[in-house]
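Structure record follows, encoded as structure tokens.
Nothing in this text is a laboratory measurement; each read-out follows from the coordinates by a stated rule. Just so you know, these numbers come straight off a predicted model, no measurement behind them. Cβ: placed from backbone, ideal geometry, glycine included. Neighbour counts: every protein chain shown.
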Amino acid sequence: MEGTFHASSYIGYVYPNETIIPWTVMIVVYPYMTGLVAGAFSVSSMYHVFGMEKFKPVARFALLTALCFMLFVPMTLLLHLGQPQRAFNAMVTPHLTSAFAAFGYFAAFYTLLLMIETWFAFRADNVIRARNSTGLVRTFYRTITLWSDDISEKARAYDEKWMLSLAIIGIPAAHGLHGYVGFVFGSLKAREWWGSDMMPVIFLFSAVISGIAALIVLYTLVSKLRKTPIDEACVRGMAGALWGFLMFTVLLEGLEFANVVYKGKEGIEVIMEYVTGPLFYRYFVLQFGLGAIVPIIILGIMFMRATRGKAFIAGAVIASLLVLMNVFLMRWNVVIGGQEIAKTMRGLLHYHDPGGRDGLAVALTVLACPLVSLSIL
């Protein structure tokens, strides 16, 4: 294992084989990106499946956002693997009892579903682009529409029918994709910080709030760049959903922490030393305080005072940025934090960025890739 990881024994001791933290920042970015996919798809489904008209202006944009992030989700795992060319072995020779082996099938199915639904969502637009273009541009659009040239009401109704069917299938698929990540951590009983039955649910709800928050920020930014009016009713609807899901998510995370403390299993002293020492600032101040309580207060005040116009848009964007920070820190504190507590529950480690393809700089580059592809698409 390449990289530099130093152990710091705040309490007791750690064994030599515990001084390596194998899951790095790439495994933080991995569930963060899958969460954005699930959350964005949820917003799209609120219109396509449940008919909530307020989400119509952002429905297709949400679908495209989910696709762009999903295309780069496997990159985090491939960069983390020592031999990425062997990744397909898990699919060719599957191990049915492995949650990791199931990811290849989940990801492939869901990516294909997103691509097909996105094709139907933009088919009519691309037909119009083909009609208004010439030369290679026309050939390009004709190709991606599979030489379809029908944009009649009947054809559009057919597109909507397919989109509805795919969105209905996609709801459990999207949430199952991310829920399985929480299942992986929750099923690892060797680490007290992870082995919780609530972990899949917490991951799922935090995914929803991260996706909604990302769409509020991206929709506002894209509208400003394109100099198109921002649909305030749409942003208000997303902000209301974010507010409600955020309060419930904070409650779940608080209950999980209280459950760990209340059970008081062997090694609880080390956990308490960790959360009141090295983890205090990241966990209580940044994740819960600035990343959760402050957005709840901001959105609550705006809804109670019926704030409108630019002030509401600005407040919603600020709250959304804080929520995105909250969810990233939650992933960091689960993945990295869980490994900083020694498996013997008698000491603590300290994570250092290993650099290289498994380092923070590359991880941030991977996070930027979906945004670049979104701007192109």
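With the biggest extent put first, the Cα atoms of region 175-333 measure 57, 30, 24 Å across the principal axes. Long hydrophobic helices in the chain, taken as whole DSSP H segments with a C-alpha length of 27 Å or more on their own axis and mean Kyte-Doolittle hydropathy at least 1.0: 26-48, 56-80, 199-226, 309-340. Remark on the chain: Rg and Dmax equal 22.2, 73 Å (Cα only).
Its residues counted as N, region 1-158 yields a C-alpha radius of gyration over 2.2 N^0.38 Å of 1.47.
Here's the list of lysines a cross-link from Lys189 could span, going by alpha-carbon distance under 29 Å and ignoring same-chain residues fewer than 8 apart: Lys263, Lys265, Lys343. If you run the Gaussian network model on the chain, springs between alpha carbon atoms under 10 Å, then out of Trp119, Trp193, Trp147 the most flexible one is Trp147. Going down the list Lys154/Lys224; Lys54/Lys161; Lys154/Lys310, which pairs span over 31 Å between their C-alpha atoms? Checking Cα-Cα distances, Lys154/Lys224; Lys154/Lys310 exceed 31 Å. Can you tell me the FRET efficiency between Ala306 and Ile230 if r is taken as the Cβ-Cβ distance and R0 is 25 Å, rounded to the nearest 0.05? The pair Ala306/Ile230 has a calculated efficiency of 0.90. Computed over region 176-226, the P(r) curve from all C-alpha pair distances, binned at 10 Å from the origin, holds 26, 33, 21, 14, 5, 0 percent per bin.
Put a plus charge on the Cβ of each Lys and Arg, a minus charge on the Cβ of each Asp and Glu, and nothing anywhere else: the dipole of region 241-377 about its Cα centre is then about 420 debye. A DSSP coil position with no more than 11 other Cβ atoms inside 10 Å describes the following trypsin sites (Lys or Arg not before Pro) in region 308-368: Arg308. Footprinting exposure proxy ranking of Glu253, Glu269, fewest other C-beta atoms within 10 angstrom first, gives Glu269, Glu253. Considering the dipole of the chain built from charges on the beta carbon (Lys and Arg +1, Asp and Glu -1) around the Cα centre, which of Ala258, Trp243, Leu81 is farthest to its positive end? Farthest towards the positive end: Trp243.
The equivalent ellipsoid of region 37-98 has semi-axes of 34, 14, 7 Å, largest first, where each one is the square root of 5 times an eigenvalue of the Cα gyration tensor.
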